[in-house]
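Here, each number is a calculation from the coordinates, and none is a lab measurement. Since we're looking at a predicted model, the values are computed, not measured. Cβ placement follows ideal geometry from the backbone for every residue including glycine, while neighbour counts extend to all protein chains displayed.
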Amino acid sequence: MAKIIIISGDLASGKSALAKRLSRHYQIPYFSKAKFKEILGEKIDFEGIDQNKRISKSAYDLLTHMAWRFAQVRGSVILEANFHETQLEQIKKDVEFMNHKVELVYLTGDLDVLFERFLYREHYENRHPVHLTHPLRSLDEFEAYILKLRNEKEVLPRKMLDTTNCDHEMIFEKALKLIGGLD
């Protein structure tokens, strides 16, 4: 049986790098909320947090649609984002209706380490402007955002993966153990 593999979790925990690596390993496609958001941001004007949130919602809607379509054809796919409870509820409903298997790998880490990664990424990795309108400029704001996400109701069982003090190879190896094969 094919799987919908969801890579979710904390900001700056390595979700995108892991999704890309798993995609190559399993030879299945992956789709990223960040990439959808960038595509939408190129075509839709956004000024400020409210318009940015609408673009984010549209990107999540595209990901949930992808899960539904892959579940219908019994295909495997990787979806990557910092999914919230409402998006996970929709995916769970859709894939269960189609009797499709779903795996949720939740990346987490030490908040100080993640905040340093987050700031580095924001300042030195030439991020798309659509990712730069949020108000997470202090450790307190960052921590509040992360803890809110971590404390949402667990809609799908989370296979926790702590990325603190791990390089990309270690994260990949841990993820493979959590996910196993596609059938």
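Projected label points at K35 and V73, each 7 Å from Cα along the beta carbon direction, are separated by 1.6 nanometres.
Could you list T164, T108 in order of exposure, starting from the residue whose Cβ has the fewest other Cβ atoms within 10 Å? Walk me through the numbers before you get to the answer.
On the way: T164 12, T108 19.
Neighbour counts put them in this order, fewest first: T164, T108.
Relative contact order for region 74-171 using alpha-carbon pairs under 8 Å, separation at least 6, rounded to a whole percent?
Numbers: 54 pairs, mean separation 46.4, N = 98.
About 47 percent, as a whole number.
Each Lys or Arg adds one and each Asp or Glu subtracts one; over the other residues with Cβ under 13 Å from the Cβ of E103, this totals +4. Considering only G109, G75, G48, the Gaussian network model of the chain with Cα springs below 10 Å gives its largest mean-square fluctuation to G48. Taking the number of Cβ atoms within 10 Å of each Cβ as an exposure proxy, the fewest-first ranking of R24, R54 is R24, R54. Counted by neighbouring Cβ atoms within 10 Å, the residues D61, D45 run from fewest to most as D45, D61.
Mean separation of Cα pairs under 8 Å and 6+ residues apart, divided by the residue count of the chain: what relative contact order is that in percent? Display every interim value, and only then the final one.
Details: 260 pairs, mean separation 66.9, N = 183.
It rounds to 37 percent for the chain.
According to the square roots a ≥ b ≥ c of the eigenvalues of the Cα gyration tensor, what is the shape class of region 3-179, taking rounded for a/c under 1.5, prolate for a/b larger than b/c otherwise, and oblate for the remainder?
On the way: a/c = 1.59, a/b = 1.20, b/c = 1.32.
Verdict is oblate for region 3-179.
Here the chain is treated with +1 on each Lys and Arg Cβ and -1 on each Asp and Glu Cβ, and its dipole about the Cα centre works out to around 720 debye.
Distance between the pseudo-spin-label points of R127 and M170 (7 Å out from Cα toward the beta carbon): 2.4 nm. Here the gap between N99 and R150, fully extended at 0.36 nm per residue and compared with their Cα-Cα distance, gives a gain of 15.7 nm.
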